[in-house]
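Asks: Sharing a structure with you now.
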Amino acid sequence: QQVTMLKLFIFLNMFLLLDSTLIDIDVQLEPLKSSETSRLTIRLREDWAPVGTARFKQLVELGHYDGCTFFRTIRNFVAQFGISGNVTRQALWRRRSIPDEIDKRRSSNKRGTITFAHAGANTRSTQLFINLRDNINLDTQNFPPIGQVIMGLEQVVDRIHITGEGAPNGKGPSQGKIQQLGDAYLQEQFPQLSRIVHAVVRKVEKEKEETTQKQQLLPITASKSSLSKTNEKLTSSQVQPSIISSSSSFLRDTTGFSAHWFWLLFAVSALIIYVSFRTLRSAATGASSITLLDDVEGPLTAPVFSVDKES
């Protein structure tokens, strides 16, 4: 029964991915050696944490992460970023925290996922980290992922400069000093840090439309006889643009109703019927609730993410 519910959940997520948002991030991995940048792409998952994804998208659109360094990169653990080297900009967002999203944990801190850092309950603001390994123990510590790296994990993320733990517990940069002094502190004492040059929001649907338009411009070879027959049936003003799609897209029928939405509604209806059936059956047997997925258990072995407080 749990397997059936999990399959339905994954099936619904396939449709949610079609309308998701991509974040392209250009990273300067070794600023002291080269000015070249490498790109990593993150797919935001609004179905995992809608509040967190909305904040991250907002900050990207405002250019907050342009120029930010990966100031806390611990080998085989996490790569953390998000404190702007522009002190004025950082001060604007430091106290604008967003509420937690722990009522419904829909994902896990597996390798490649991206998650907001925090200093306690309801303190997420600008800092995030990318999991360099499966950090499942963080799932019970109020760290809901908001997306995942879909391109550049090995080529970019795994090559980010290792800083170790930050001061005062390690030799890495002090979060407090970055907040107070910004780029002046980082350039003087940590010029080797990998740095985000530019981050931009990209909609998936827009990309599909552009691909379709390019495909429609491909030359079509036809014989003279077929062209003459076509001209007899259609004038130039009557020709309709053809719909060309890849194997991963969905075709629309003559009524304009998308098969994509048909199957989505079908899946939702099936899910509602199944859950209703289970609820009635549980009530009849004295069960008080329906368990879809087991809670993740484990010792809290990883360091707790914190943001230095102002003195």
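Asks: For the pair Leu62 and Arg95, how long in nm is the line joining their label points, each one 7 Å along Cα→Cβ?
Replies: Each label point lies 7 Å from its Cα, and together they span 1.5 nm.
Asks: How much accessible area per residue does the range 82-166 have, in Å², with a 1.4 Å probe?
Replies: 42
Asks: Under 5 Å between amide H atoms, partner at least 5 residues away or on a different chain: which partners does Arg111 have, H built in plane at 1.01 Å?
Replies: Asp134, Asn135
Asks: Ignoring ligands, DNA and RNA, what percent of the accessible area of the range 75-144 is carbon or sulfur (1.4 Å)?
Replies: C and S atoms contribute 48 percent here.
Asks: Have a look at the range 85-166 and give its Rg and Dmax from the Cα atoms, expressed in angstrom.
Replies: 13.8, 35
Asks: Heavy atoms only, 1.4 Å probe, whole protein assembly: order Thr69, Thr123 by accessible area, highest first.
Replies: The residues order as Thr123, Thr69, largest area first.
Asks: Mean 1/r over all different Cα pairs, inverted: what Kirkwood radius does the range 22-104 give, in Å?
Replies: Answer for the range 22-104: a Kirkwood hydrodynamic radius of 14.6 Å.
The values are calculated or read from the model by the stated rules, or taken from the named source; none is laboratory data. Here the structure is a predicted model, which is why all the values come from computation and not from measurement. Positions of Cβ are generated from backbone atoms using ideal geometry, with glycine treated the same way; all protein chains shown enter the neighbour counts. Please note that ligands, DNA and RNA were not included when accessible areas were found on the heavy atoms of the full protein model with its side chains. Shrake-Rupley method; radii C 1.70, N 1.55, O 1.52, S 1.80 Å.
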